Amino acid sequence: MKKLISAVLAGVLALSLAACGSTPASEPASGSTATSASTPASASAAAESKQYIFSVDDLTGKNIGVQLGTTGDIYAQDVEGATVEQYNKFNDAVLALKQGKVDAVIIDNEPGKVFVEQNDDITMLDEDFAVEDYAIALNKGSELTAQFNEAIAAIQENGTLDAILDKYINGVEGAEGYVTPEGTEYPNGTLTMATNAYFPPYEYYEGDEIVGIDAEFAKAICDYLGYELVIEDMEFASIIPAINSGKADFGAAGMTVTEERLVNVDFTDSYCTGIQSVLVLK
């Protein structure tokens with residue numbers, strides 16, 4: 001999912017993001033919902049060509065699976081001679097890889113590692129495809145942007161973000177992440193966060209609840225500002241339209257700051273660095 005690194009996070013993320021916007025097995029893949037950027041190659045052709053993908057350069061001319069609207073989708077369009085298959089969820093793209101319908105999947109590193117752990121027939125290339133920065137999206141000119149930046153700075157300084165990363169990425173035993181303090185009140189009403197909850201460890205389902213880095217980080221921000229948080233799950237490509245239409249107040253989904261997105265939304269300061277990686281069959 002592109003580009004800005006928070007100086008405060010540099011130290012925090014050095015340990016947690018040696019590789020640090022797809023479902024954690026809570027929702028089975030529903031099969032391909034792809035819309036192709038060009039005529040898709042046959043499954044047999046994909047199976048024959050996968051063995052030649054040992055580096056990013058080997059993606060030239062290959063069939064690449066992506067999640068629709070992500071920066072991986074944008075990057076894939078620039079790969080010379082590649083056919084791009086777009087899916088609504090990363091788990092559908094990974095299923096297509098396992099079925100031989102695509103040769104590779106471009107995906108954010110942390111969710112990619114979850115898929116590698118869950119599937120013993122796929123692996124991740126050692127070479128990074130791209131490095132980028134995540135931020136929260138808000139409507140153009142929103143007064144909330146300055147408020148969110150104030151909250152983000154405070155949450156970074158008081159160690160709350162460190163605690164969240166310890167829980168979801170650093171693997172610190174006993175890490176609790178963020179827990180709303182007792183007596184927290186919400187005099188300013190509610191804020192609705194738009195997300196795509198199939199992007200572990202940033203957002204995913206545990207039972208009926210959406211959890212993850214973005215969910216806890218947004219909760220900490222809203223608690224700090226006196227708003228009650230409501231999270232709405234939707235297709236990734238629907239997040240910015242939901243913000244623009246007023247259906248959501250902000251979007252947090254491992255979203256990368258890009259020039260294209262800045263046309264339609266404002267972004268907060270970056271809170272996390274992400275890496276785009278490539279999944280292939282073993």
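Among the residues of the stretch 232-275 satisfying the criterion of being of a type in the set (Ser, Thr, Tyr) and farther than 19 Å from Lys219 by Cα, which is most open to solvent (accessible area, probe 1.4 Å)? The residue in question is Ser245. All conditions in (1) under 28 Å from Leu165 (Cα atoms); (2) at pLDDT 90 or above; (3) open to solvent by less than 10 Å² (accessible area, probe 1.4 Å); (4) touching a strand residue (DSSP E or B) at 6+ places or on another chain (Cβ under 7 Å) hold for Val102, with the sole exception of (1). Scanning the stretch 109-139 for residues that are among the charged types (D, E, K, R), under 17 Å from Ala252 (Cβ atoms) and either open to solvent by 30 Å² or more (accessible area, probe 1.4 Å) or in contact with a Pro (Cβ under 7 Å, 6 or more places away or on another chain) (or both) yields a count of 1. Could you count how many residues in the stretch 178-197 are touching a helix residue (DSSP H, G or I) at 6+ places or on another chain (Cβ under 8 Å) and open to solvent by less than 20 Å² (accessible area, probe 1.4 Å)? Looking only at that region, the number is 5. Against the test of being open to solvent by 30 Å² or more (accessible area, probe 1.4 Å) and modelled with pLDDT of 95 or more, the options Gln77, Gln51, Gln67 yield a single qualifying residue, Gln77. Sub-9 Å Cβ pairs linking a first residue in the stretch 164-187 that is of a type in the set (A, V, I, L, M) and modelled with pLDDT of 95 or more to a second residue that is surrounded by 12 or more Cβ atoms within 10 Å (Cβ to Cβ) and in a loop (DSSP other than H, G, I, E, B), at least 6 apart or interchain, are Ile164/Ala175; Ile164/Gly177; Ile164/Tyr178; Leu165/Leu17; Leu165/Cys20; Leu165/Val172; Leu165/Ala175; Leu165/Gly177, ordered by first then second residue.
The values are calculated or read from the model by the stated rules, or taken from the named source; none is laboratory data. Note that the structure is predicted; figures quoted are calculated from it, not measured. FYI the Cβ positions are ideal-geometry reconstructions off the backbone, even for glycines, and counts take in every protein chain you see. In case anyone asks, the SASA skips ligands and DNA or RNA and just uses the protein heavy atoms, side chains included. Shrake-Rupley method; radii C 1.70, N 1.55, O 1.52, S 1.80 Å.
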